[in-house]
Amino acid sequence: MDLRQGIGLRKLGKTADEFQQDLLSNLYYRRGTTVESASARDAYETLSLTVRDRLAERRARTAAAHYASNPRWVYYLSAEYLLGAQLEQNLLYSGTGNLAAEAVKALGFSLEDLEDLDVEPGLGNGGLGRLAACLVDSLATRDIPAVGYGIRYDLGIFRQIITENGQTELPDDWAFQGNPWEFPAPDDRQTVGFYGHTEPVPGSPDRKVWVPGEIVLGEPSHMLVPGYGTDTVNIVRLWSAKASEASFDLSRFSAGQYAEAVQEAVRAENISKVLYPDDSTELGRELRLKQQYFLVSCSLRDIIRRFRLRNEDWSEFADKTVIQLNDTHPTIAIPELMRLLVDEYELDWSKAWEITRKTFAYTCHTLLPEALETWPVRLIEKLLPRHLEIIYVINMLFLREVGAQFPGDQDRIRRMSIIQEEPERRVRMAHLAVVGTEAVNGVAELHSKLLRETVLDDFADLWPAKFQNVTNGISPRRFIRIANPRLSDLITEGLGDDSWLRDLEKLAGLESLIGDASFRDRWQSIKRANKVALAAGDPDSLTDVMIKRFHEYKRQQLKLLHVVTLYQRIHANPAGDWVPRTVLFAGKAAPAYHAAKDLIQLIATVGATIAADPVASPYLKVVFPSNYNVTLAEKIIPAADLSEQISLAGKEASGTGNMKLALNGAVTIGTLDGANIEIRARVGEDNFFLFGLDAYEAAQARINGYQPRAFYEHDAELRAAIDALGSGAFGDVGHRVASSLLGWDEYLTLADYRAYLDAQAQVEEAWRDRDRWIRMSILNTAHSGFFSSDRTVADYAARIWRVAPVPVPHED
Ligand code: 26W
């Protein structure tokens, strides 16, 4: 019997009884327990395996279809993935939600109980990591053969505790209880080298032999990535570092030097031990570079293994393979592929370079100079000696091309070189990424424009066609269907079916329902019910939400100044007709980013002060739930009325929280920054509260010698708010924040304060007109269709990846 193609696979039951049967047999045979003694953990693990089996069956058919069609593959290389909790998603994508609810009830549990046991693999910091998760979801939903490659950190993003003293970080041992959603695949382990030296190869000047000084094993485990409303199931393959047998020093062990004996092993496994919690400042740590090369080396070998399963000719490699670099973090992949092709597969340099450039594409996610990675030449030389040699050759050939295009322009050569010479010799990873790729894109129109005009302007001059924009997107399955089932059901009822979940532009149909008063009432009552469920504050208050990583460019400090001004206004006129407002902050700060941690502490302290204040607390409440992550975002977003997107224009590459909030009917108050501009263009200027300097005005203000103190002196409310913060009532932290605003105020917080307060006044005026607000809310949802990650993937597929879907035959 030919077992390939999934033939002969016992079909998994579709009926309630068959599902129950499968659940029970998994409880007995795979969990080794009985109904009588099954714990909630047993039930969760068993249910997860039962659901996973159904996805694994589709995975088998997907793998067979991909093998048969020998397609062009998309490989997404990312140091971060914020996949979120898996159970609810996999119940939805396998269509077994109702079956599961019935089946677990028979075991004496509710689905909600078990969902609370679901782990969230926190393998990312913020926007970049979550975008990677939304994109792999949409790749599967669009039936595009793809693999997401990443690192399986033992410890994910730290768990955050917030007290009056601010943020405390605790390790996140996310898989402590195991993870039912992953498949370890030790057979596909790879060998990775570090350090050592290179030796020439007689007779072939291009080639070298690299003799590593340290060997580590990369062991993969993969998680299933099901498509929604289709049979495709792709995978995310996550590598974890293991010590090679050789690294255990038995002689030392038998000599009683136990610690030394395992030292090598510990060093090896440290590589995938913990995620770096920084999301905007490169710290240049050696271990971080080891992580990046580890990810790249394992993934490229796995990619080549899959290619050679069906292809012999290297000249087809770039036709069958496109590798997307998620920011500069995996950029070492470019010299690594050159090393493999030239040194190991003995292609000549120019052939190898032609293949390499055609294979890679690079997405930049930031504009902050401090976030653009540069590695010290001496560190690369020590850790990856062969790669440095290859980078030098790439740079030499590149600068020759620049010289030809711009003869005698030494300054341009110095600016564009992959090697920064002064003050220290460093490798500019963004320059290497641009030189070694076919396409470079920003993540929102303004961001891509600023990349061409500022950070990468010289390269845009040289290769204008290489620069593209692909505006970010979000998965509507997780961020409205799963997060906001009440609103999803109303939308499905209003539009007639749920096809909008695979074609989000269909939401525009809601505009025709806006005239229906009962539809508006139900819309409003659902928002209120979501607020009751969140239990953050008075459900009838204006729920004003700022949820994102803490960073001064995102300007949580501006939101804080608004809160203090409201507080002072209420105290100045306690009997005033104030709009009750619940201000919700959530987000983590990188542990080494002290100014951001000061903000967290100050907000917590100001919030406690207001809560204890009998005059203000009836009208104003500040809540700050700790440990913001994907799961918490799914609870907060459906309950939001106002979405705070108030970064200094020109600093937020795109934002994706802005899209999630607008999709769930929150109205945005924001600047002309990142994707805010595209959201405003689509939802309509009347349904967006705009304020502040635009990116060019902000840059000009700085050039014109911006004086924050002038704004302080000319605006009494601003002065009162800053004085309150710096008064000592909120301790040193308040003083530090106040003096940084009056000192340099890097992100022009004071310059935008008055315009922001005026926009907030417009917000309150609109809020008082409930019918107007509900209409604005509905129109935000109706016109958010463009921001589906399915559209984002369709853009990448058409303009950068040039890939076509491979349908997976459906089986009843
Ligand atoms: C080297 C340390 C480091 C780590 C992560 C520097 C920079 C990063 C990321 C690029 C930061 C990040 O998450 N950027 C965010 O990416 C989102 C997805 O494209 C955008 O929507 C956000 O605007 C951007 O800040």
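Kindly check whether there is at least one residue in the stretch 270-280 that is away from the ligand (no atom under 16 Å from the Cβ), without any contact (Cβ under 8 Å) to a residue 40 or more places away in the chain, surrounded by fewer than 18 Cβ atoms within 10 Å (Cβ to Cβ) and in the same structural domain as residue 334 (by TED's automatic domain parsing).
Yes, the stretch 270-280 has at least one match.
Is there any pair with a first residue in the stretch 786-812 that is of a type in the set (Lys, Arg) and a second that is in a helix (DSSP H, G or I) whose Cβ atoms are under 8 Å apart and which are 6 or more apart or on different chains, and what are they?
Every condition considered, the pairs that remain are 791/504; 791/505; 791/785.
For the condition in contact (Cβ under 8 Å) with a residue 40 or more places away in the chain, within 21 Å of residue 409 (Cα to Cα) and within 15 Å of the ligand (Cβ to nearest atom), what is the one hit in 455, 435?
Testing whether each residue is in contact (Cβ under 8 Å) with a residue 40 or more places away in the chain, within 21 Å of residue 409 (Cα to Cα) and within 15 Å of the ligand (Cβ to nearest atom) leaves just 455.
What are the residues in the stretch 295-332 that are within 15 Å of residue 384 (Cβ to Cβ), touching a Phe, Trp or Tyr at 6+ places or on another chain (Cβ under 7 Å) and either within 16 Å of the ligand (Cβ to nearest atom) or polar (S, T, N, Q) (or both), if any?
295, 332
Of all residues in the stretch 109-140 being free of Cβ contacts under 8 Å to residues at least 12 places away in the same chain and either in a loop (DSSP other than H, G, I, E, B) or under 22 Å from the mean Cα position of the chain (by Cα) (or both), which is nearest to the ligand (Cβ to nearest atom)?
Step by step, filter the stretch 109-140, then rank; the result is 116.
Can you give me the number of residues within the stretch 526-555 that are within 20 Å of residue 160 (Cβ to Cβ) and touching a strand residue (DSSP E or B) at 6+ places or on another chain (Cβ under 6 Å)?
Within the stretch 526-555, residues that are within 20 Å of residue 160 (Cβ to Cβ) and touching a strand residue (DSSP E or B) at 6+ places or on another chain (Cβ under 6 Å) number 4.
Could you say which residue among 480, 474 is touching a helix residue (DSSP H, G or I) at 6+ places or on another chain (Cβ under 8 Å) and within 16 Å of the ligand (Cβ to nearest atom)?
474
Conditions (1) over 30 Å from residue 475 (Cα atoms); (2) hydrophobic (A, V, I, L, M, F, W, C); (3) out of contact with any Ser or Thr (no Cβ under 9 Å at 6 or more places or on another chain), marked per residue:
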residue	(1), (2), (3)
43	no, yes, yes
46	no, no, no
56	no, yes, yes
64	no, yes, yes
78	no, no, yes
86	no, no, no
96	no, no, no
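Checking residue 156 against (1) touching a residue at least 24 places away in the same chain (Cβ under 8 Å); (2) under 27 Å from the mean Cα position of the chain (by Cα); (3) over 29 Å from residue 243 (Cα atoms), which test does it fail?
Looking at each condition in turn, residue 156 falls short on (3).
Please note which strands (runs of 3 or more DSSP E) are completely contained in the stretch 166-270 and include at least 3 residues that are closer than 30 Å to residue 589 by Cβ, under 29 Å from the mean Cα position of the chain (by Cα) and among the aliphatic types (A, V, I, L, M).
So the answer is 233-243.
Among (1) modelled with pLDDT of 95 or more; (2) farther than 23 Å from residue 294 by Cα; (3) among the polar types (S, T, N, Q), which single condition is residue 251 missing?
(1)
Just name the residue that is surrounded by the most Cβ atoms within 10 Å (Cβ to Cβ) out of those in the stretch 380-424 that are basic (Lys, Arg) and in contact (Cβ under 8 Å) with a residue 24 or more places away in the chain.
Filtering first and then ranking leaves 386.
Restricting attention to the stretch 223-243, does a residue exist that is among the acidic types (Asp, Glu) and surrounded by fewer than 18 Cβ atoms within 10 Å (Cβ to Cβ)?
no
Can you find a residue in the stretch 157-176 that is under 30 Å from residue 601 (Cβ atoms), crowded, with 18+ Cβ neighbours inside 10 Å and of a type in the set (Phe, Trp, Tyr)?
yes
Each row is one residue, and each column tells you yes or no for (1) buried (at least 22 other Cβ atoms within 10 Å of the Cβ); (2) within 16 Å of the ligand (Cβ to nearest atom); (3) of a type in the set (Ser, Thr, Tyr); (4) in the same structural domain as residue 691 (by TED's automatic domain parsing).
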| residue | (1), (2), (3), (4) |
| --- | --- |
| 507 | yes, no, no, no |
| 514 | no, no, no, no |
| 517 | no, no, no, no |
| 523 | yes, no, no, no |
| 535 | no, no, no, yes |
| 540 | no, no, no, yes |
| 543 | yes, no, yes, yes |
| 547 | no, yes, no, yes |
| 556 | yes, yes, no, yes |
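Scan the stretch 366-378 for residues that are hydrophobic (A, V, I, L, M, F, W, C) and more than 16 Å from the ligand (Cβ to nearest atom) and jot them down.
377
From the list 137, 118, which one is farther than 30 Å from residue 303 by Cα and either of a type in the set (S, T, N, Q) or surrounded by 18 or more Cβ atoms within 10 Å (Cβ to Cβ) (or both)?
When all the criteria are applied, what remains is 118.
Only residues that are under 17 Å from residue 437 (Cβ atoms) and more than 16 Å from the ligand (Cβ to nearest atom): list them for the stretch 351-365, please. First the steps, then the outcome.
Step one: of the stretch 351-365, the residues under 17 Å from residue 437 (Cβ atoms) are 352-365.
Selection gives 352, 353, 354, 355, 356, 357, 358, 359, 360.
Output the number of residues of the stretch 599-620 satisfying the condition of being within 19 Å of residue 545 (Cβ to Cβ), of a type in the set (A, V, I, L, M) and over 33 Å from the mean Cα position of the chain (by Cα).
2
Quick check, is residue 665 assigned by TED's automatic domain parsing to the domain that holds residue 580, more than 16 Å from the ligand (Cβ to nearest atom), out of contact with any Asp or Glu (no Cβ under 6 Å at 6 or more places or on another chain) and not aliphatic (A, V, I, L, M)?
yes
Considering only residues that are assigned to a helix (DSSP H, G or I) and surrounded by fewer than 11 Cβ atoms within 10 Å (Cβ to Cβ), look in the stretch 1-48 and name the one that is modelled with the lowest pLDDT.
4
Being modelled with pLDDT under 95 and out of contact with any Pro (no Cβ under 6 Å at 6 or more places or on another chain), is that true of even one residue in the stretch 343-363?
So far as the stretch 343-363 goes, no, none of its residues is modelled with pLDDT under 95 and out of contact with any Pro (no Cβ under 6 Å at 6 or more places or on another chain).
Which numbered condition trips up residue 692, out of (1) touching a strand residue (DSSP E or B) at 6+ places or on another chain (Cβ under 9 Å); (2) over 30 Å from residue 572 (Cα atoms); (3) away from the ligand (no atom under 16 Å from the Cβ)?
(2)
This table checks each residue for (1) among the acidic types (Asp, Glu); (2) touching a strand residue (DSSP E or B) at 6+ places or on another chain (Cβ under 7 Å); (3) not assigned by TED's automatic domain parsing to the domain that holds residue 242.
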{"position": "98", "(1), (2), (3)": "no, no, yes"}
{"position": "129", "(1), (2), (3)": "no, yes, no"}
{"position": "137", "(1), (2), (3)": "yes, yes, no"}
{"position": "145", "(1), (2), (3)": "no, yes, no"}
{"position": "151", "(1), (2), (3)": "no, yes, no"}
{"position": "157", "(1), (2), (3)": "no, yes, no"}
{"position": "162", "(1), (2), (3)": "no, no, no"}
{"position": "170", "(1), (2), (3)": "no, yes, no"}
{"position": "183", "(1), (2), (3)": "no, yes, no"}
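Considering each of 681, 710, 698 in turn, give the residue that is out of contact with any helix residue (DSSP H, G or I) (no Cβ under 7 Å at 6 or more places or on another chain), assigned to a helix (DSSP H, G or I) and under 25 Å from residue 778 (Cα atoms).
681
The values are calculated or read from the model by the stated rules, or taken from the named source; none is laboratory data. The structure displayed is predicted, hence computed values, not measured ones. Reconstructed Cβ throughout: ideal geometry from the backbone, glycine too, with neighbour counts over all protein chains shown.
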